[in-house]
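FYI, it's all coordinate maths here, none of it is from the lab. Please read these numbers as outputs of a predicted model, since none were measured by experiment. For neighbour counting, all protein chains shown are included, and Cβ atoms are generated from backbone atoms with ideal geometry for every residue, glycine included.
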Amino acid sequence: MFFKARTGIVFLLVAFLVTLLVAGCGGGGASKGEVKEVKIGNILPLSGSAAPLGKIGKEAREMAVEEINAAGGIKSLGGAKIKMIFADSKGDPATGVAEAERLITQERVALITGTYQSGVALPVSEVTERYKVPFFVPVPSEDVITERGFKYVFRLAEKTSWRNREQVKFIQDMASKFGTPVKTVALIYEDTAWGQGAAKGWEKYLGEAGLQIVLKEPYPRNSSDLTPVVLKVKQLKPDIIFLCSYVSDAALLTNTFAEHKVKPLAFIGTSGGFADPVYFKTTGDNCEYFFDISTWEPDVNRPFSKEVNEKFKQKYGYDMNAEAVKAYVAMYVIKDALERAGSLDPEAIRKALAETKLTSGVTQMYAPEIAFDESGQMIHAPLVICQFRKVDGKMERVTVWPEKDARPGWKPVWPFPGWDKK
Amino acid sequence: MARLASPRYYLPVLLILLLFALPLFVKSPYYLHIMAMVLFWAYMATAWNIVGGFAGQLSLGHGAYVAAGAYTSSLLFAYLGISPWFGMFIGGLVAGLMGFLVGYPTLRLRGAYYALATVGFAEGFRVILTNTTHIGKWKTGGAEGFMIPLLGNAPQHMQFISKVPYYYLILVLFLILVLICRWIDGSKLGYYLTALREDEDAALALGINTARVKLVAATLSAFFAGVGGVFYAQLIRYLEPNAIAGPIMSNQIVFLAIVGGRGTVLGPALGGLVLTLIGEITRVVFNQIMGLHLFLYGLLVVLFVIFKPRGLIEFLEVLWNRLVNLLERREGKHAA
């Protein structure tokens, strides 16, 4: 026995003391007098299944903060630098709550941002509301986040239902432009918070538009076979198929649709899996002519978009995605608010955020005007629709709608030309 | 009083007093929140241990009972205005009933059937929670989760601004549960359970109604898991089916109990205390490199399992005996 009980106990105790000591050192008090740095807490899924998404959000934030600090920090605070404190939520609501408590009471951050998942944003917003600390939400989109009368929550992202509203608007617009009447729609979505939210939005806006839902088909995430779903759709022959899936199911559905040659007027995705680079790899040519909705595309026709994405790509080796853009832009919105607040008082920061009206600068890559309504919701969150098209033999997301954001020279292909014409 | 003079008695009393006095020294809401979560996990592992440890029946679906308790009390509160103080018992009873219903047909069988049934039941329950958005006129939220209305400071509805009441609440629940487990361990039921765990045939031959004994253990365990779920609901105030009823919750409970020392009174609690603290500390300290904290956590667990396969409780026993001997010897000297 080389691991005797006594050494074991000593080992345990020492491990504890050391970690406790290190942990204890982390919690510094608020600096008095002159402000040297502004601490911002970031809660992200840095481990677990959503870790890759948390990672790209972290990178985008770090790039923005580097730029802001290099340009002289927050000038109204005597050039104070922004200091980012990252915390791992593991994508778990309870861990998110613990981290929010820590960031506010131990790290004494001026503001909290992040969470990626709506399921973490909801309980975290209760913590920030209780401590009256502003909570800036760049990505989570569940409608209810800004619908509870909270005063300290601000959301840069669109609401989930807005995506569904734009998707419905898009098919109506296409139907009238191309003279292809649209009557029936099939909804295929995963049975998660995100999928159920999308289904609710679709039902509402399709109902208002007077379109008929012929199929509502929730399926469990990460299914191994979706042929029964596809066969159901094939039998009902809907004009439009709306999809809400993560990447493995998105690819499986696309390939199964190809196998059974299902041919509606259009397939329309709801970001998520359809926006994942892996999707193109696993579907090959099958995904050609599918549509997808998002708030940003690498080719979108907006100021600063190209430059920022180019810089990001050089730094990290891949394109930004809509979520990274929101995270990046969020730091500039926060910087603007801090600049106007001129203080670390949470009440002053809250007030400044509420009065935000940004119409110039890099935030243009996301939206021409950034302003929040009384509930803290970004008013004109921009949405674009892209179509998967082959550009020089390589599949790309080509922005096609609305026209002002479209890639110059590209128009939507409508209706879906069929599987044999590829 | 004479008994209190022995370290075997005054040491635990001291320890309990120390736990009660903790909020006097620890003022940070964050540390108190973490301590409350640590006690919550210790509590859950102890509750699981009644069926998983004492009775030796591997339940892999305790998340369902946690969720049953949490949802029951939260729905009753949100729609009927029944305070979670009462909801806690109702939630526990609903969970206990579920434990009974799962156990009744399966605990008569041998081998892996019970474990399989618990997994299947918990998964099914999670899927139902995920896909049910309404029960009648009551909104349950489905996959989007259920939010417990925020009331601010409302002690009559088990909501507090301060973390101190939460800490005391879970501490008291935990101590009650440990006392019950101690009682079970020394009672007739405890001996039945031990006999059954060690050799079911022999226990049967001795005239023990093993199916019934197992069922009692499963129901009790589910009841306490449900009560714990109510506490979780009040502390986090947001219920997400995947987080609360899913395998993450179920597996975590089993994992803590086994690493701590399955089948002993204090082992599972020790597992909950030690591992949750380590998990928390590594996450906060090593958050610069993505995923490092999970790696370190995993490494420590592997070391524990390799060197102390019977559980962390072995450490504690050795330490305990040493301490008691030391104190007794000192007292002996004094007397002489």
Problem - DSSP H segments from chain B that extend 20 Å or more along their own axis, Cα-based, with Kyte-Doolittle mean of 1.0 or above - result: B:7-25, B:84-106, B:164-186, B:210-236, B:247-261, B:267-285, B:292-307
Practice task
Take every residue in peptide A:117-128, count the Cβ atoms of other chains within 10 Å of its Cβ, and give the average of those counts.
Solution key: 4
Fill in the blank from the handout: the range A:318-385 and the range B:1-46 have their Cα centres apart by a whole-number Å value of 46 Å
Problem - Most to least packed among B:227-240, A:149-162, A:383-396 [average Cβ atoms within 10 Å] - result: B:227-240, A:149-162, A:383-396
Completion exercise
Beyond 30 Å, the calculated P(r) of the range B:3-335 holds a percent of Cα-Cα pairs equal to 38 percent
Practice task
Report the charge-dipole magnitude of the range B:3-335 in Debye, nearest 20, computed about the Cα centre from +1 at each Lys and Arg Cβ and -1 at each Asp and Glu Cβ.
Solution key: 460 debye
Problem - Neighbour-count ranking [beta-carbon atoms within 10 angstrom, fewest first] of B:His157, B:His293, B:His134 - result: B:His134, B:His157, B:His293
Fill in the blank from the handout: For the pair B:Leu80 and B:Glu198, the simple spin-label estimate (label points 7 Å beyond Cα toward Cβ) gives in nm 4.5 nm
Completion exercise
Plugging the Cβ-Cβ distance of B:Glu328 and B:Ile176 into 1/(1 + (r/R0)^6) at R0 = 30 Å yields, to the nearest 0.05, a FRET efficiency of 0.55
Practice task
Only helical DSSP H runs with n ≥ 4 go in: add -39500 (n - 2.57) per run for chain B, normalise by residue count and round the 222 nm mean residue ellipticity to 500 deg cm²/dmol.
Solution key: -24500 deg cm²/dmol
Practice task
Report the one residue of B:Thr140, B:Phe121, B:Phe86 whose Cα lies farthest in the direction of the positive end of the charge dipole of the range B:3-335 (charges on C-beta: Lys and Arg +1, Asp and Glu -1; origin at the Cα centre).
Solution key: B:Phe86
Completion exercise
The percentage of Cα-Cα pairs in chain A separated by more than 42 Å is 20 percent
Practice task
Among DSSP beta bridges lying fully in chain A, give the percent that are antiparallel, nearest 5.
Solution key: 30 percent
Practice task
Using a Förster distance of 41 angstrom, determine the FRET efficiency expected from the C-beta separation of A:Glu67 and A:Gln235, and round it to 0.05.
Solution key: 0.15
Exercise for the section: For a label point 7 Å from the Cα of A:Lys357 along Cα→C-beta, name the residues of the range A:296-337 whose backbone N is under 18 Å from it. Expected result: A:333-334, A:336-337
Handout entry: Residue among B:Val230, B:Leu18, B:Val301 farthest towards the positive dipole end of the range B:3-335, charges placed on Cβ
Key = B:Leu18
Problem - Helix A:118-131 axis, angle to chain A major axis (alpha carbon atoms, nearest 10°) - result: 30 degrees
Handout entry: Subset of A:Lys204/A:Lys234; A:Lys183/A:Lys263; A:Lys261/A:Lys394 violating a 18 Å alpha-carbon distance limit
Key = A:Lys204/A:Lys234; A:Lys261/A:Lys394
Exercise for the section: Can you pull the one-decimal nm distance between simple spin-label points at B:Phe295 and A:Ser343, each 7 Å off the Cα toward Cβ? Expected result: 4.5 nm
Practice task
Summarise the partner chain shielding of B:275-288 as one whole number: the mean count of Cβ atoms from other chains within 10 Å of each residue's Cβ.
Solution key: 5
Handout entry: Those aspartates and glutamates that a straight Cα-Cα span of less than 12 Å connects to A:Lys281, excepting residues fewer than 8 apart in one chain
Key = A:Glu396
Completion exercise
Output for the protein assembly as shown (equivalent-ellipsoid semi-axes, sqrt of 5λ from the C-alpha gyration tensor, Å, descending) is 49, 33, 22
Practice task
Please state the charge dipole magnitude for the range B:123-262, taken about the Cα centre, from unit charges on C-beta atoms (+1 on K and R, -1 on D and E), reported in debye and rounded to the nearest 20.
Solution key: 420 debye
Exercise for the section: Any chance you could give the angle, 0 to 90 degrees and rounded to 10, that helix A:160-178 forms with the longest Cα principal axis of chain A? Expected result: 30 degrees
Exercise for the section: Would you please give the FRET efficiency between A:Lys81 and B:Ile248, computed as 1/(1 + (r/R0)^6) with r the Cβ-Cβ distance and R0 = 30 Å, to the nearest 0.05? Expected result: 0.20
Fill in the blank from the handout: Scattering profile of the range B:1-156 from the Debye formula, Cα beads only, expressed as log10 I(q)/I(0) at q = 0.11, 0.14 Å⁻¹, is -0.64, -0.93
Problem - Computed over chain B: relative contact order in percent, which uses C-alpha pairs under 8 Å that are six or more apart - result: 30 percent
Completion exercise
The whole-number value in µm²/s of the Stokes-Einstein translational diffusion coefficient for the range A:69-185, with Rh from the Kirkwood sum over alpha carbon pairs at 20 °C and 1.002 mPa s, is 129 µm²/s
Handout entry: Debye, to nearest 20: dipole size of chain A, +1 on Lys, Arg Cβ, -1 on Asp, Glu Cβ
Key = 300 debye
Practice task
Report the one residue of B:Gly152, B:Trp320, B:Ala202 whose Cα lies farthest in the direction of the positive end of the charge dipole of the range B:3-335 (charges on C-beta: Lys and Arg +1, Asp and Glu -1; origin at the Cα centre).
Solution key: B:Trp320
Exercise for the section: Measure nothing but the geometry: give the 0 to 90° angle between the long axis through the Cα atoms of A:247-259 and the longest principal axis through the Cα atoms of chain A, rounded to 10°. Expected result: 10 degrees
Fill in the blank from the handout: Counting only DSSP beta bridges with both partners in the protein assembly as shown, the antiparallel fraction in percent, to the nearest 5, comes to 35 percent
